[in-house]
Amino acid sequence: MRAVDVVVVGAGQAGLSAAFHLRRVGLEPDRDFVVLDHAPRPGGAWQFRWPSLTYGKVHGMHSLPGMELTGADPARPSSEVIGAYFDAYERDFGLRVHRPVDVSAVREGEGGRLRVETSEGVYATRALINATGTWDRPFWPRYPGQETFRGLQLHTARYPGPEAFAGRRVIVVGGGASATQHLLEIAGHAAATTWATRREPVFREGPFGEAEGRAAVALVEERVRQGLPPRSVVSVTGLPLNDAIRAGLADGVLDRQPMFERITPTGAVWADGRTVDADVILWATGFRPAIDHLAPLRLRAPGGGIQVEGTRAVLDERVHLVGYGPSASTVGANRAGRAAVNEIRRLLAREEVREEEHGEELDEERGAEPVRRPVTV
């Protein structure tokens, strides 16, 4: 078992931001804190994005603190651009990310520390920054007859690019940005496409400035403050009505249909009896937070989510969640990383005071003069 002050779980945008700020306040990687990442290489979830998602199609990618991402080729796959950027960031700031490392559980440990069980051993830590994101938990809705479908079902997490759908009849399910991107790409290759969503999509026209962004984040933040499962920021902002979306609406590619009632071996059936034959059902239905390893701490609120104030778990001040709920965007992840480190500094300072006072009590019991050390807050 290794004892450290802080364990950071995840090395995407939020985890690297937190690691940067830990270094900035004087903590040393592999001595005072450790960054664990289960992915095989730098890049966070970006490394798994489909090749047709080029950097030019990425919406609102904010640079990590301390290093700008400039001069990237917009035609290059985002997985390559951002993977190379994260790699350079880790090396330049000496973050020494441990990978691939799986974190199986976080439990109550001894002496007030958390016990972090991983594939490379056990860590005893004073604080935990959880930055695991959502990519590892794709959400698959369940519909009657789903198991009977003889075609291919896949999720956005395994989207291979539009060429794989050449000549096929495709149903795309989901009302988010991924669904519209998939449809616009697939339409030029597929024999036919159908778009189904539970709710009518909301398209956003006009500018989306700082004030609108703060209002959207506030709505998501209120959910996690109440302990409800977080929703994405996009879910409350609507879909941006850009030129590509306008073209898709005009030519019928983005002709939204209500959700089907059941799935058949050859397609889907709607409540009014209408049927659509399909070779592929593509579920662009989003993701859920990857936080199962925190289950032993019993942090979930009755509403089903973890109640969070800022980045701190309300039920355990040692646990901070970054890239969760309102901080799931790239700019939000940066801010959350800094906020979590600031709170953890105060927590560690209080612990130093308690340990010093406990040591003085022991010294007094033994008749020795107490030793006083400076404490930095």
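Worth pointing out:
- Residue, surrounded by the fewest Cβ atoms within 10 Å (Cβ to Cβ), within segment 281-338, restricted to residues that are hydrophobic (A, V, I, L, M, F, W, C) and part of a helix (DSSP H, G or I): A295
- Residue satisfying all of: in segment 63-98; outside any loop (DSSP other than H, G, I, E, B) and aliphatic (A, V, I, L, M); surrounded by the most Cβ atoms within 10 Å (Cβ to Cβ) among these: I82
- Only one entry in V81, V25, V58 is assigned by TED's automatic domain parsing to the domain that holds L348 and either under 21 Å from A124 (Cβ atoms) or touching a residue at least 40 places away in the same chain (Cβ under 8 Å) (or both), namely V25.
- Elements of type helices (runs of 4 or more DSSP H) contained in segment 206-280, each with 2 or more residues being among the polar types (S, T, N, Q) and at pLDDT 85 or above: none
- The set of residues in segment 10-41 being of a type in the set (A, V, I, L, M) and farther than 17 Å from L64 by Cβ consists of L27, V34, L36.
- Look at segment 34-53: where a residue is in contact (Cβ under 8 Å) with a residue 12 or more places away in the chain and farther than 28 Å from M1 by Cα and a partner is hydroxyl-bearing (S, T, Y) and assigned to a loop (DSSP other than H, G, I, E, B), sitting 6+ places away or on another chain with Cβ atoms under 6 Å, you get W50/Y159.
The values are calculated or read from the model by the stated rules, or taken from the named source; none is laboratory data. As the structure is a prediction and not an experimental result, all values here were calculated from the model. Backbone-built Cβ (ideal geometry, glycine too); neighbour counts: all protein chains shown.
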